[in-house]
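Single-structure report; data block below.
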Amino acid sequence: MSKLGVETSNGVAVLRFDNPPVNSFGLELRGLLWAALARAEADPAVGAIILIGSGKGFSGGADIREFGTPKSYAEPNLRTLLRAVEECSKPVIAAIEGICMGGGLEMALACHYRVAGTSARLALPEVKLGLLPGAGGTQRLPRVIGIEAALNMIVSGAQVSADQLPRLFDRLSAGELLASAADFARGLINEKRGPRRVRDLSLKMPNAEAYLQFARNTIKAVAGPYPAPLACVEAIAAAVREPFDQGLKRERELFSQLMLTPESAALRHIFQAERAAAHIGDVPDSTSTRPISKVGVIGAGTMGGGITMAFINAGLPVVLLETTQQALDRGLAGIRRNYQGALRKGTLDEASLERRLALITPTLEYQPLRDVDLVVEAVFESMDVKRQVFEKLDEVVKQGAVLASNTSALNLDLIARFTRRPQDVIGLHFFSPAHVMRLLEVVRGARTSKEVLATAMQLAKQLGKIAVVSGVCDGFIGNRMVARYAQAAHELLMAGAEPQQIDTAMQNFGMAMGPFRMNDLAGLDIGWALRKRRATERPNLDFSNVADVLCEAGRFGQKTGAGWYRYEAGSRNAIPDPDVSAIIDTYRAQKGFTARVVSDADIVERCVYALINEGARIIEDGIAQRSSDVDIVYLNGYGFPAHRGGPMFYADQTGLLEVERALGRIASSPGADVVFWAPAPLLARLAREGKTFGEYTGSAS
């Protein structure tokens, strides 16, 4: 519930917003501010008014949950409120510390004066939601800081510290903000200085039109499928050419157009989905967490090294265990080598690097792990190897420590049984490279305690990761889906497509890379081992595919210089290989497939709909809490295009009835696996009821 504190002292009225977590200007707070501002303006004892935030800062802006709803238009809407602030007959001062973003910065620009703490962080990040500032930001900011600086800030959406924008503020304060703002306000009263409106400032720049055209050309080259960056330029162009009110009108027109674009809908969905992922239905926000001040990592290979870097980047000491000195030395050298790029770019200096490396305690023994608060194993993906590690950890590591597995597919509940404390066991599935990739699948075992789960989610924030909770199944959310994606791609190979055609079609759809290039990057041997394990566990099913033939020939991908493609030494460029085409032709013939012409549209439909169909099963099985969690996994772990919002959101936008019909059509096509392509029960039910995945709450309809 929004609150607004109002205090008056020595002729200064202080209006303090209190709408956790970021003082967003929802309808309730807007109404309170409107009324309080009117009362302060009418009060003869008030000579100046201060607007100030609470908690995390001034304001994070408009309430995105209201976008597209009647609340966003209900009066006073944000534009009406800002106009009332701007037209107030008494000076209004924005006192800014902490965050001041979006509509919060637009509010500050509508105020007559601005006082800021040196730690204030400002941004107009609407472009990251596929929008532009819609409450005067494109018209007022250029008038204060200049066209070029405003354009850079608006088009990038990047945060800027207050001390980088001296022209924006009338006073920067290193001391107590409210005291400084009140002193400034009393000075205005004593000097009888009235309102000073940003809208009245002139906007001049030599060769402004030439600069704007240069900006259009530059931004068009990098904006890709997103229309918002160019719309930002047009809004600022209106500020240059038109009177203020006409510029505001053009800004609003552009904002309204962007609100209707699928790209903005997708980006707004992602924004809300990332925040929803942090909430676990049966784990209250008040759940206690365990302190994590020292961690252990088992294994110094590619994953273990990356996980170690993720921890030391966050300032956490790491005990790094390997079985041989050679493997340990190789792992430490790899960590140092991974930092070389940052050194070359100047984003890290040698002293900082050495401080991070000093946080690592290398060891060949388990005993140094006895006092860690968390240990993550990143050893070979074998249940026998996991058993040895967890039995040893159970024996050595202190009680109360969190025992985590980085397994990408194995049964976490079985791993937990290797210990006498299954409540302390959790899955922390990092994605490679672990120090770069934002996604962290947090796998909740049947006996994982709520406290341990809450601790893992808090740790993810500390590491700068986006955490998504998954239940236990083969492959969890991400790899369970990618297995279906790969199966669809394999069917397309058998139908007559070539790896490069499939990859190109999926990259044109927007994927970071196609399935075969991704397979080469990860290593074909990983999937080969997985198929062999599954064949052992379920001997009645055939898990083989043409990739097995490549693996038998020693083609494991980039690491061996050959996989689905070939690679020149020192290069990651994928070169189509006639030998692979010959292997595929032979395999097709052996399996009785006749090649046909496969269209790019058919490729995209099959690969994406395979993801959607498996995602529906994962949601109905309760492995994912909500459909948006599935989207977050695929967006951040597997390169699904952000402008499409994730596979489940894409399905909702396409229409579930259309997806169901397409799946039925594919299932009836020659060579298709009927069971594989059968629409998931949840998808079929929602399609029949005219509902979406986004509306599904987990209960039967």
Residue in the range 272-305 that is farthest from PHE67 (Cα to Cα), counting only those that are aliphatic (A, V, I, L, M) and within 18 Å of the chain's Cα centre (by Cα): ILE280
Candidates THR455, THR448, filtered to the one that is closer than 26 Å to ILE280 by Cβ, under 23 Å from the mean Cα position of the chain (by Cα) and of a type in the set (Ser, Thr, Tyr): THR455
Single unsatisfied condition, GLY464 versus (1) in contact (Cβ under 8 Å) with a residue 40 or more places away in the chain; (2) outside any loop (DSSP other than H, G, I, E, B): (2)
Residue tally, condition over 26 Å from ARG121 (Cβ atoms) and out of contact with any strand residue (DSSP E or B) (no Cβ under 9 Å at 6 or more places or on another chain), over the range 2-34: 4
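Name the helices (runs of 4 or more DSSP H) wholly inside the range 59-148 in which the number of residues that are surrounded by fewer than 24 Cβ atoms within 10 Å (Cβ to Cβ) and of a type outside the set (Ser, Thr, Tyr) is 2 or more.
Hits in the range 59-148: 70-73, 78-86, 137-145.
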From the options GLU568, GLU614, GLU658, residue that is of a type outside the set (Lys, Arg), closer than 26 Å to GLN500 by Cα and within 29 Å of the chain's Cα centre (by Cα): GLU614
The listed residue being aliphatic (A, V, I, L, M) and closer than 14 Å to VAL375 by Cα, out of VAL443, VAL468, VAL425: VAL425
Test: residue in the range 134-155 that is at pLDDT 95 or above, under 22 Å from PHE214 (Cβ atoms) and in contact with a strand residue (DSSP E or B) (Cβ under 7 Å, 6 or more places away or on another chain): yes
Test result for GLU537, among the acidic types (Asp, Glu), surrounded by 14 or more Cβ atoms within 10 Å (Cβ to Cβ) and under 30 Å from ARG444 (Cα atoms): no
ARG531 being among the basic types (Lys, Arg), free of Cβ contacts under 8 Å to residues at least 24 places away in the same chain, surrounded by 12 or more Cβ atoms within 10 Å (Cβ to Cβ) and part of a helix (DSSP H, G or I): yes
Residue count, the range 497-509 (criterion: buried (at least 21 other Cβ atoms within 10 Å of the Cβ) and either of a type outside the set (A, V, I, L, M, F, W, C) or not assigned by TED's automatic domain parsing to the domain that holds PHE543 (or both)): 2
Failed condition for ASP163, given (1) modelled with pLDDT under 95; (2) assigned to a loop (DSSP other than H, G, I, E, B): (2)
Residues (out of contact with any Phe, Trp or Tyr (no Cβ under 6 Å at 6 or more places or on another chain) and not charged (D, E, K, R)) located in the range 626-642: SER628, VAL630, ILE632, VAL633, LEU635, ASN636, TYR638, GLY639, PRO641, ALA642
Test: residue in the range 12-34 that is touching a Lys or Arg at 6+ places or on another chain (Cβ under 7 Å) and modelled with pLDDT of 95 or more: yes
Selection count, the range 459-483, where residues are under 21 Å from ASP285 (Cβ atoms) and surrounded by fewer than 17 Cβ atoms within 10 Å (Cβ to Cβ): 3
Checking PRO362 against (1) in contact with a helix residue (DSSP H, G or I) (Cβ under 6 Å, 6 or more places away or on another chain); (2) of a type outside the set (A, V, I, L, M, F, W, C); (3) surrounded by fewer than 12 Cβ atoms within 10 Å (Cβ to Cβ), the condition it does not meet: (3)
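Determine which member of the set PHE593, PHE640 is part of a loop (DSSP other than H, G, I, E, B), modelled with pLDDT of 95 or more and in contact with a helix residue (DSSP H, G or I) (Cβ under 9 Å, 6 or more places away or on another chain).
Answer to the check: PHE640.
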Residue in the range 487-496 that is surrounded by 20 or more Cβ atoms within 10 Å (Cβ to Cβ), touching a Leu at 6+ places or on another chain (Cβ under 6 Å), modelled with pLDDT of 90 or more and not acidic (Asp, Glu) present: no
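Okay, residues lined up against (1) more than 30 Å from ASP652 (Cβ to Cβ); (2) modelled with pLDDT under 95; (3) not assigned by TED's automatic domain parsing to the domain that holds ALA45:
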site: LEU188; (1), (2), (3): yes, no, no
site: ARG197; (1), (2), (3): yes, no, no
site: LEU203; (1), (2), (3): yes, yes, no
site: VAL233; (1), (2), (3): yes, no, no
site: ARG252; (1), (2), (3): no, no, no
site: SER264; (1), (2), (3): no, no, yes
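Can you list the helices (runs of 4 or more DSSP H) lying wholly within the range 192-269 that have 2 or more residues being crowded, with 21+ Cβ neighbours inside 10 Å and under 31 Å from the mean Cα position of the chain (by Cα)?
Numbers: elements: 208-223, 228-241, 244-259.
In the range 192-269, 228-241, 244-259 are the helices (runs of 4 or more DSSP H) which contain 2 or more residues that are crowded, with 21+ Cβ neighbours inside 10 Å and under 31 Å from the mean Cα position of the chain (by Cα).
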Unmet criterion (only one of (1) under 24 Å from ALA672 (Cα atoms); (2) free of Cβ contacts under 8 Å to residues at least 40 places away in the same chain) for GLU537: (1)
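Go through the range 59-71 and count every residue that is under 20 Å from ALA108 (Cα atoms) and without any contact (Cβ under 8 Å) to a residue 40 or more places away in the chain.
Result for the range 59-71: 1.
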Any pair with Cβ under 6 angstrom, 6 or more apart, that starts in the range 39-58 at a residue that is under 27 Å from GLY102 (Cβ atoms) and ends at one that is part of a loop (DSSP other than H, G, I, E, B) and hydrophobic (A, V, I, L, M, F, W, C): ALA40/VAL46; GLU41/CYS88; LYS56/VAL22
Test: ILE583 is in contact with a helix residue (DSSP H, G or I) (Cβ under 8 Å, 6 or more places away or on another chain), without any contact (Cβ under 8 Å) to a residue 60 or more places away in the chain and either outside the structural domain of GLY130 (by TED's automatic domain parsing) or assigned to a helix (DSSP H, G or I) (or both): yes
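The values are calculated or read from the model by the stated rules, or taken from the named source; none is laboratory data. Remember, predicted model here, so these are calculated numbers, not experimental data. Reconstructed Cβ throughout: ideal geometry from the backbone, glycine too, with neighbour counts over all protein chains shown.
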